[in-house]
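Enquirer: Sending over a structure as structure tokens; questions will come in a sec.
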Amino acid sequence: MVRFILCVTILLAMVSCQNNQRKDFEASSAVINEKDFAQDLTVISSDAYQGRKPMTKGEDSTVGYLKSRLQKLKLNPAFGDSYFQDVPMVTIVSKSTDMVFKTKKGVFALKPVDNFVAFTEQITEKSEVQNAKLVFAGYGIVAPEYNWNDYAGMDVKGKVVVVLVNDPGFATGDTTLFDGKKMTYYGRWTYKYEEAARQGAIGCIIVHEEAAAAYPWSVVTASNGSSLHLQAKNKHFDTCTIEAWMTKDAAQSLFAKSGFDYQSAKQKASLRGFRSFEMNTSVSVSLTNTLRSGVSRNVGAILPGTDRKDECIAYSAHWDHLGIGKPIQGDSIYNGAEDNASGVAAVLEIAKAYTNLKIKPGRSILFLFFTAEESGLLGAQYYVKNPSFPMAKTVANINFDILSFSGRMKDVTLISYGQSELDKYVTAAANKQNRYIAPDQQPTHGSFFRGDQFWFAREGVPAIYGNGFFDHREKGKVYGMQKVKEYGTLHYHKPSDEYNPKIHDLSGCIEDAKLFFDIGYVLSNESAFPALYPKSPWKKIRDKGI
């Protein structure tokens, strides 16, 4: 009888504790509100912050503001005794000669910007290839798990490879090739350059096709010869000397003058058994590089956990945008309100909610604001190599990038869908808001590989990247997709990406912030580590670390 009473007492105490914890969570979730979100959004995306380009006055204003907000929330610095993590970088501004090909039908030259763009990651004042043999290497992919090797039987050491963007699954629509129309990591342009360098090539030229790349030629040329890179002891001499893009029209002319048909070569490259081939052509091009070293900053803070404080849930958003650039309709400040002042504001609201908790979470909560996402995810890359918590102790990454200003949505579109057991946590939280989970609606864009969460994923950390996207609660899917296309066409990476309280509806941003607060809160009070699904290319890394 005594034992029974004791068991009942313990059970009642547990139920009471759970009830108190839930009430505490709900009260804290309620502090996430539009007024405070809009305040942060307005400040960070204002003209005074000059578009938040790294290593400018706009950065100084931005990171200073973030530090003050984190201090006001009484959160601990994430980097020892500092809220800042220095990220050493170098800006390389390259001026290119013509790209000259000696073909079997004579000399053929391409003009910079019009026909090609060339750059280098190598930190040097001069980059050149002279009369290097040209090889068509298909998609430039080595993927054992897909039984695919475009470099099989071909020695490309000291040569320049021409490769196609995306992967064979996209080109054919064949669901048995890679992931069908959905872009895999092997389809990303960054992978193409990495693999070419691993194979010993001194140069890699990617053929641009808008549908396959998921953006127009204007995006390729937008950098105007300027690129930002992390500093490295080896000055990145393990990369290709020349990395380049060429237009489809230029590629067609090059193949024809080399005695090949571009379309036929492309079709063959999409089939199993394709073998790369020399084009009986040589290429020469040189870059004069102006180098400028500097230091940008990641910003971060920690809410220490109670009984599992050596493990963390990492919330993140990139603070940077494009700065001051080419004027469009008289406006030269690229404010980046949706991209990504919205994500920064969401993480600050979630941080506020965590600090409002009376019952602190068991695991630590990490709030990170990365630099140089727009320059190749550099801040996130640097962080995962120099983390506040080991990657094996980082339970999950919840990343915010471009929240919708169109109002509340029924969907929670997960760009990261199918990667890990975190899908189950998102589903549970979405159900509480009477919402549903949807996979990436633009799978050919490869968006999962274009956000900061990708660097966590590469280190084996399950990551969430998504938000309300296309199914408007009141106006439906047609309206929702119309607003998505409108933003992508008219405002993405343009000065018009500004916040206007008269026309923008932030209610969906708040609902998303509350949803991801819920997910992180549940994770923070568990002891389990969500697993990556078997098809994840980084599952072995996670399993080994755990």
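The values are calculated or read from the model by the stated rules, or taken from the named source; none is laboratory data. It should be emphasised that the depicted structure is a prediction, and the values quoted were computed from it without experimental measurement. Every residue, glycine as well, gets a Cβ built from its backbone with ideal geometry; the counts of neighbours run over all protein chains shown.
Enquirer: Does L287 satisfy the criteria of being within 30 Å of T103 (Cβ to Cβ), part of a strand (DSSP E or B) and touching a residue at least 40 places away in the same chain (Cβ under 8 Å)?
Expert: So L287 passes the test.
Enquirer: How many residues are part of a helix (DSSP H, G or I), over 29 Å from D167 (Cα atoms) and touching a strand residue (DSSP E or B) at 6+ places or on another chain (Cβ under 8 Å) if we restrict to the range 430-459?
Expert: Result for the range 430-459: 1.
Each row is one residue, and each column tells you yes or no for (1) of a type in the set (F, W, Y); (2) surrounded by 21 or more Cβ atoms within 10 Å (Cβ to Cβ).
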position	(1), (2)
W245	yes, yes
S284	no, no
L287	no, yes
R292	no, no
A301	no, yes
H318	no, yes
G325	no, no
Q329	no, no
A341	no, yes
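Enquirer: When you check A314 against the structure, is it of a type in the set (A, V, I, L, M, F, W, C) and over 23 Å from M89 (Cβ atoms), yes or no? Write out each step before concluding.
Expert: On the way: of a type in the set (A, V, I, L, M, F, W, C): yes; over 23 Å from M89 (Cβ atoms): no.
Answer is no for this residue.
Matching residues to (1) assigned to a helix (DSSP H, G or I); (2) surrounded by 24 or more Cβ atoms within 10 Å (Cβ to Cβ):
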| site | (1), (2) |
| --- | --- |
| G153 | no, no |
| V161 | no, yes |
| N166 | no, yes |
| I205 | no, yes |
| Y215 | no, no |
| S218 | yes, no |
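Enquirer: Still on this structure: What pairs come out if I take residues in the range 512-537 that are closer than 19 Å to S342 by Cα and pair them with residues that are part of a loop (DSSP other than H, G, I, E, B) and of a type in the set (A, V, I, L, M) whose C-beta lies under 7 Å away, six or more apart or interchain?
Expert: D512/L403; A513/I32; K514/I32; F517/I32
Enquirer: Let me ask something else about it. Could you tell me whether any residue of the range 276-299 is in contact with a helix residue (DSSP H, G or I) (Cβ under 7 Å, 6 or more places away or on another chain) and basic (K, R)?
Expert: Filtering the range 276-299 down to residues in contact with a helix residue (DSSP H, G or I) (Cβ under 7 Å, 6 or more places away or on another chain) leaves 296-299.
Then keep just the ones that are basic (K, R); that gives 297.
Looking through the range 276-299, at least one residue is in contact with a helix residue (DSSP H, G or I) (Cβ under 7 Å, 6 or more places away or on another chain) and basic (K, R).
Enquirer: Check every one of the strands (runs of 3 or more DSSP E) wholly within the range 1-110 and list those with 3 or more residues that are modelled with pLDDT of 95 or more and touching a Leu at 6+ places or on another chain (Cβ under 9 Å). So that I can check it myself, show each step before the final result.
Expert: Numbers: elements: 84-96, 99-103, 106-110.
Here the list reads 84-96, 99-103.
Enquirer: Looking only at residues that are among the aliphatic types (A, V, I, L, M) and surrounded by 20 or more Cβ atoms within 10 Å (Cβ to Cβ) in the range 520-546, which one is farthest from A353 (Cα to Cα)?
Expert: Result: L532.
Enquirer: Right, here's the next one. Taking F178, is it more than 28 Å from the chain's Cα centre (by Cα) and either farther than 24 Å from S218 by Cβ or part of a loop (DSSP other than H, G, I, E, B) (or both)?
Expert: No.
Enquirer: On the basis of being under 19 Å from M246 (Cβ atoms), out of contact with any strand residue (DSSP E or B) (no Cβ under 6 Å at 6 or more places or on another chain) and of a type in the set (F, W, Y), does Y215 make the cut?
Expert: yes
Enquirer: Working only within the range 423-459, note down all residues that are over 12 Å from the mean Cα position of the chain (by Cα) and surrounded by 24 or more Cβ atoms within 10 Å (Cβ to Cβ).
Expert: Within the range 423-459, no residue meets the criteria.
Enquirer: Same structure, new question: Filter the range 483-504 down to the residues that are among the acidic types (D, E) and crowded, with 16+ Cβ neighbours inside 10 Å, then identify the one that is nearest to the chain's Cα centre (by Cα).
Expert: D497
Enquirer: Out of the residues in the range 247-282 that are more than 32 Å from the chain's Cα centre (by Cα) and among the aromatic types (F, W, Y), which is surrounded by the most Cβ atoms within 10 Å (Cβ to Cβ)?
Expert: Only one residue fits best here, namely F255.
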